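Before any comments, here is the structure.
Bear in mind these aren't lab numbers, they're just calculated from the coordinates by the rules spelled out. Predicted model, so just to flag it, every value in this text is computed and none were measured. Cβ placement follows ideal geometry from the backbone for every residue including glycine, while neighbour counts extend to all protein chains displayed.
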Amino acid sequence: MDHNSYKTTNPTKATAEKGWVIVDAKNQVLGRVASQVARVLRGKNKPSFSPHVDTGDHVIVINAEKVRMTGKKWDNRILLTHSGYPGGQSEKTPAMIRAKHPERLVEHAVKGMLPKNRMGSELYRSLHVYVGDQHPHEAQQPKEIKF
């Protein structure tokens, strides 16, 4: 038996096969769905996973406004943002964010679960969150996944 028959393949940016998947966030708990989405974005669910290459799929999240939160988190939790100007810190509750930009709750939750480096910034670009069940990515023929 010669040793050439065993070859470990290392994925590169060129050979990484990035698919498209669609996730329905309707009636799902925010943190639970976000951690699964982060896992798929990173590519950890694939046998070709490599920590230094973006092997994850593009994830489309629909019905972002119908996500659930347990307990009194809608009103008691506080999310801080900063405009970059002095004194530009603002406090918002998830209920306030949901009223204006519901997709930001999912984006914020997933972003916090991605690596905090260049890789994480690149992975974050593969996340597409939409309010309602319409999205402009039909041409990519996304596969539906259930968690």
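Tell me, which residue of segment 36-60 that is assigned to a helix (DSSP H, G or I) and under 10 Å from residue 21 (Cβ atoms) is farthest from the chain's Cα centre (by Cα)?
Looking only at segment 36-60, we keep the residues that are assigned to a helix (DSSP H, G or I), and these are 36-42.
Checking which are under 10 Å from residue 21 (Cβ atoms) leaves us with 37, 40-41.
On the way: 37: 5, 40: 8, 41: 6 Å.
Looking at the filtered set, the residue picked out is 40.
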Would you be able to say whether some residue in segment 61-82 is assigned to a loop (DSSP other than H, G, I, E, B), under 17 Å from residue 146 (Cα atoms), of a type outside the set (Asp, Glu) and touching a residue at least 60 places away in the same chain (Cβ under 8 Å)?
yes
For segment 96-126, the count of residues that are in contact with a Lys or Arg (Cβ under 8 Å, 6 or more places away or on another chain), within 12 Å of residue 61 (Cα to Cα) and either loosely packed, with under 15 Cβ neighbours inside 10 Å or hydrophobic (A, V, I, L, M, F, W, C) (or both) equals 1
How many residues of segment 117-147 are more than 9 Å from the chain's Cα centre (by Cα) and either closer than 18 Å to residue 31 by Cβ or not in a loop (DSSP other than H, G, I, E, B) (or both)? The answer is 13
Those residues of segment 44-87 that are farther than 22 Å from residue 130 by Cβ and buried (at least 20 other Cβ atoms within 10 Å of the Cβ) come to a total of 1
On the basis of being surrounded by fewer than 19 Cβ atoms within 10 Å (Cβ to Cβ), in contact with a helix residue (DSSP H, G or I) (Cβ under 6 Å, 6 or more places away or on another chain) and closer than 26 Å to residue 146 by Cα, does residue 26 make the cut? yes
State yes or no: is residue 98 closer than 30 Å to residue 49 by Cβ, not hydrophobic (A, V, I, L, M, F, W, C) and not in a loop (DSSP other than H, G, I, E, B)? no
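Given the structure, is residue 130 surrounded by 15 or more Cβ atoms within 10 Å (Cβ to Cβ), of a type in the set (Ser, Thr, Tyr) and farther than 23 Å from residue 11 by Cβ? Break it down into steps so the answer makes sense when it comes.
Numbers: surrounded by 15 or more Cβ atoms within 10 Å (Cβ to Cβ): yes; of a type in the set (Ser, Thr, Tyr): yes; farther than 23 Å from residue 11 by Cβ: yes.
Spelling it out, residue 130 is indeed surrounded by 15 or more Cβ atoms within 10 Å (Cβ to Cβ), of a type in the set (Ser, Thr, Tyr) and farther than 23 Å from residue 11 by Cβ.
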